[in-house]
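*Asks:* Sharing a structure with you now.
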Amino acid sequence: MTDSVYHPATRELAQRRKELAPEIHETFERFSHAVFAEGALPEKTKQLIAVAVAHVTQCPYCIAGHTQLARRKGASPEEVMEAVWVAAEMRAGGAFAHSTLALHTMQEMEDDADGPSPGRRPPGRDAGS
């Protein structure tokens, strides 16, 4: 399968985006440059963070762009892949950590099966239901 769900980013599309909202576009460009400039964190580290975040947000344009920028800033292929694995763990870790919501809901259901407590709503019910 060679067709992509995502259209290629082109200079023409970038120019059109800029034409439609020039002030906002320029403000975003300045913001982006400021964020990725050398600071308390080196540029390479910032780009590795961006690679990881791009994988969590699942933006193919960001994944490709920040992977290229990370490599240009000196990140090794191993560092890029490790950043991807950090993203994978954080995404999986979020699901793991949020299991407490399911466990809490099941406990409430078990408690409700034993008899309702005064003033307590069944799980998933709003006060107005």
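Listed here are the residues, each with its yes/no results for (1) closer than 26 Å to Ser4 by Cβ; (2) surrounded by 10 or more Cβ atoms within 10 Å (Cβ to Cβ).
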{"residue": "Cys59", "(1), (2)": "yes, yes"}
{"residue": "Thr67", "(1), (2)": "yes, yes"}
{"residue": "Arg71", "(1), (2)": "yes, yes"}
{"residue": "Ser76", "(1), (2)": "no, yes"}
{"residue": "Val80", "(1), (2)": "yes, yes"}
{"residue": "Val84", "(1), (2)": "yes, yes"}
{"residue": "Glu89", "(1), (2)": "no, yes"}
{"residue": "Glu110", "(1), (2)": "no, no"}
{"residue": "Gly115", "(1), (2)": "no, no"}
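*Asks:* Moving on. Considering segment 7-36 alone, what residues qualify as being exposed (fewer than 10 other Cβ atoms within 10 Å of the Cβ) and either among the hydroxyl-bearing types (Ser, Thr, Tyr) or touching a Phe, Trp or Tyr at 6+ places or on another chain (Cβ under 9 Å) (or both)?
*Replies:* Scanning segment 7-36 gives a single hit, Thr10.
*Asks:* Looking only at segment 55-95, how many residues end up being at negative phi and either touching a residue at least 40 places away in the same chain (Cβ under 8 Å) or under 17 Å from the mean Cα position of the chain (by Cα) (or both)?
*Replies:* 28
*Asks:* For Gly39, are the conditions met, namely being over 20 Å from the mean Cα position of the chain (by Cα) and surrounded by 10 or more Cβ atoms within 10 Å (Cβ to Cβ)?
*Replies:* Here the answer is yes, as Gly39 does meet what is asked.
*Asks:* Sticking with this structure for a sec: Conditions: (1) at pLDDT 95 or above; (2) surrounded by 11 or more Cβ atoms within 10 Å (Cβ to Cβ); (3) not hydroxyl-bearing (Ser, Thr, Tyr). Pro123 meets all but one. Number of the miss?
*Replies:* Status for Pro123: all satisfied but (1).
The values are calculated or read from the model by the stated rules, or taken from the named source; none is laboratory data. Keep in mind that this is a model prediction, so the values were computed, not measured. Virtual Cβ from ideal backbone geometry, glycine too; neighbours counted across all protein chains shown.
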